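The next block holds one structure in the form of structure tokens; read it before the comments.
The values are calculated or read from the model by the stated rules, or taken from the named source; none is laboratory data. From a predicted model like this one, the values you see are computed outputs, not experimental measurements. Methodologically, a virtual Cβ is constructed for each residue, glycine included, from the backbone with ideal geometry; neighbour enumeration extends over all protein chains shown. Please note that ligands, DNA and RNA were not included when accessible areas were found on the heavy atoms of the full protein model with its side chains. Shrake-Rupley method; radii C 1.70, N 1.55, O 1.52, S 1.80 Å.
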Amino acid sequence: MLKRILLFTVSILIFSNSLYSQFLHIGLKSFITPKIFMGFFEYDATDYVYYFSNEYNETIRFSGLEESEANSYTPFPDLYIRYNNKNHLFFQAELFATWFTNEAKYKNSVDFPEYIRVFNPVDDRENLGYNTLKMEWVFTGNSLSAGFLFLKSKALRPYIFAGGTTLYLMKLDQGKFYDDERQLRNDIIFSNLSTFKKTTIFIHGGLGFQYKALSFDIYYRNNIADADIYANNYFDAEDISLTNRPNYDYFDSINISISLNIFSFNLSKNHLKE
Amino acid sequence: MKIIKHNTYSKYLILLIILILTISACYQYPELDDIQYEDYRRIIGPEGGIINFYKNYENDSIKDVLVKMEFPEDALDDFIVFNMYEFFDEPTHHELDNMSLEQYSYFLYFVPFYESDGYNEHSQGDTNQHISINFNLPVTVTYNFSKYEYYVEEINNIDIAKLYRIKIPAENEWEMNNVWIRWNLQGYPDGYSDIDLIYLITGKWTESISWGTGELSLSNWEEVTEYTYNNIDQTVVFDINNTDYMYVMAYFMEI
């Protein structure tokens, strides 16, 4: 649905010839995500436990899955089209990619020295998922925003904006260093964590300032629809302790971006010539 | 900033966006093609099934089954978590040797928990007694005791070793003193108290003798009459009706 809205809006803005003082900018943007809030559903003590049948009777307890926070200072790429109308209003459509890592945390029933003695005897590996499982996320996304620029006569112009975002999950994988030694056990844990929806809907809002072709802004993104494919089970199912267990309650982020108009089209110029 | 008069490129850009959005919906959820949690868990309920306890290796993708428990349907009334332990104590091993008893396996026992009890964490100061759980139907145990590291292949009389069992008294079954659960640093069960097990094995504690006051004897040892021994892969198969015993393969050398 959001794709249709995006297409429709951009088309209208481009082909409209009845407006005055219109500009269409195509530019590149880069953003970082200093804070990612990925929250997990909470469970009772016995509801999210793995009882593994190895020699150490290893028990993994998520205890409702602890909130995992992450950040990424990688400058993510973003391509945008911005339509300016009457030097105040603007509409912007974006296409971007983002990736980051975070950790699912849990408690392990095995004492750490025992765990290391068996699975890491020469101490040459990381903790092999003793009490965390690193997850690598890759998303692409598109967004549609509407904003308002203040101080028309100034070179440095503050603005506010808000809109909707769709994220598409491209990849969810576990940390590479888990590949071998505890692959069997970690795969089982990871497969139960692979419940994030392929497509997630967000709203976002923020503020920034623009100086000529350059813009800088900060914005908050918040999911407005279920982020987990089994989210309904959390409220409806009688027993979710063994199968179809939902994990992800919310996925919010704070983002900071800088953008530059590369190409600018004066849409009203041709109109005036006529 | 470069000013361009025509907007032809915009159309191509929109097409590009649509193409990328279409491609972006291609994520596939990972699937396990080897083993599932159902094959690797030690919790089981009234529906029955199999619990395989795997041996630990540096690489745990090696699936080497130490102990298999086969639960018929309705053998259990509730969900039970089973812990499996193989007990070994070298001084006890030598003491048994002095009593003309050759030990060919670890002492195998199970510690059960009701899942509804939460399998909660405990401090090391906490104590819990052995819980006695009776099965509605016999549960078949297959024990691959060839993993016993003290087993010496040169000894030919392995084939005449027999399966024995030793009683683990439950709460208030013998006296006020009973077998205690040991808790590790994480607050999870780590088998029964070693000293309790040693006293049971060596007869320093029997139903009629107070804890630790007896002399060395095999009075707690009871020969299991019905079991199957497979001398090819050195496994022994037997039925249990509860978790109130530890099991061991041994050979009593009569003098």
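Some notes on this structure:
- Pairwise burial B:A, computed as accessible area of each alone minus the pair, summed, 1.4 Å, Å²: 5600 Å²
- Long pairs among B:Lys147/B:Lys167; A:Lys86/A:Lys171; B:Lys68/B:Lys167; A:Lys35/A:Lys197; A:Lys29/A:Lys107; A:Lys107/B:Lys162, criterion Cα-Cα beyond 32 Å: A:Lys86/A:Lys171; A:Lys29/A:Lys107; A:Lys107/B:Lys162
- Cα gyration tensor, the range B:161-255 - rounded (a/c under 1.5), prolate or oblate: oblate
- Protein heavy-atom surface of the range B:163-255, 1.4 angstrom probe: 46% of the accessible area is carbon and sulfur, with nucleic acids and ligands not counted.
- Around A:Leu89: net Lys/Arg minus Asp/Glu count, Cβ-Cβ under 14 Å: +4
- Each 5 Å bin from 0 upward holds the following percent of the Cα-Cα pairs of the range B:203-255: 4, 13, 21, 20, 18, 14, 7, 3, 0.
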